[in-house]
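To start, the structure under review is shown below, and the notes come after it.
The values are calculated or read from the model by the stated rules, or taken from the named source; none is laboratory data. This is a predicted model, so every value here is computed, not measured. Cβ atoms come from the backbone with ideal geometry, glycine included; neighbour counts cover every protein chain shown.
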């Protein structure tokens, strides 16, 4: 059987949204964004993925985390899901939560990490890719997760719709 290639494809709008804020962590209970809580800065530009190592503030991957980030830019599309992943490639076995979106911010109020210490934030299609991968693995498919730019395929965005590498 030939390997099936699955890629995480991101849609990049004309004016990208940028987010900056804080990830907060507590060992017992939900963070309240107080000065004494362990934290790590969060910075994300739409079109890029974050796979941030939280082991400095959540060493064993078992903690409660929250994040808040403000947006700059005019693109109103925001990430729909946040993931917590067990490995530093953030490509499988990720636990996901819905991201709350307001007019100028995104946030997660409280997420319990149960052994994952990599924070993942990406496109609005984060779970679509993982669902496809999971389905194909259950069906016995052998998968290789790739990024199209690493293979020299550039300029493609939302599910490869009508971009410069189309044939």
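Summed over segment 29-47, the residues that are assigned to a loop (DSSP other than H, G, I, E, B) and free of Cβ contacts under 8 Å to residues at least 24 places away in the same chain give a count of 5.
Listed by position, the strands (runs of 3 or more DSSP E) contained in segment 61-120 that have at least 1 residues being farther than 16 Å from residue 51 by Cα, touching a strand residue (DSSP E or B) at 6+ places or on another chain (Cβ under 6 Å) and at pLDDT 85 or above are 62-72, 100-102, 105-114. Only residues that are part of a loop (DSSP other than H, G, I, E, B), surrounded by fewer than 19 Cβ atoms within 10 Å (Cβ to Cβ) and under 14 Å from the mean Cα position of the chain (by Cα) were counted in segment 50-60, giving 0. Scanning segment 1-44 for residues that are loosely packed, with under 14 Cβ neighbours inside 10 Å and either in contact with a helix residue (DSSP H, G or I) (Cβ under 7 Å, 6 or more places away or on another chain) or at pLDDT below 80 (or both) yields a count of 6.
Which ones in segment 121-152 are at pLDDT 70 or above, surrounded by 13 or more Cβ atoms within 10 Å (Cβ to Cβ) and outside any helix (DSSP H, G or I)? Scanning segment 121-152 gives 121, 122, 141, 143.
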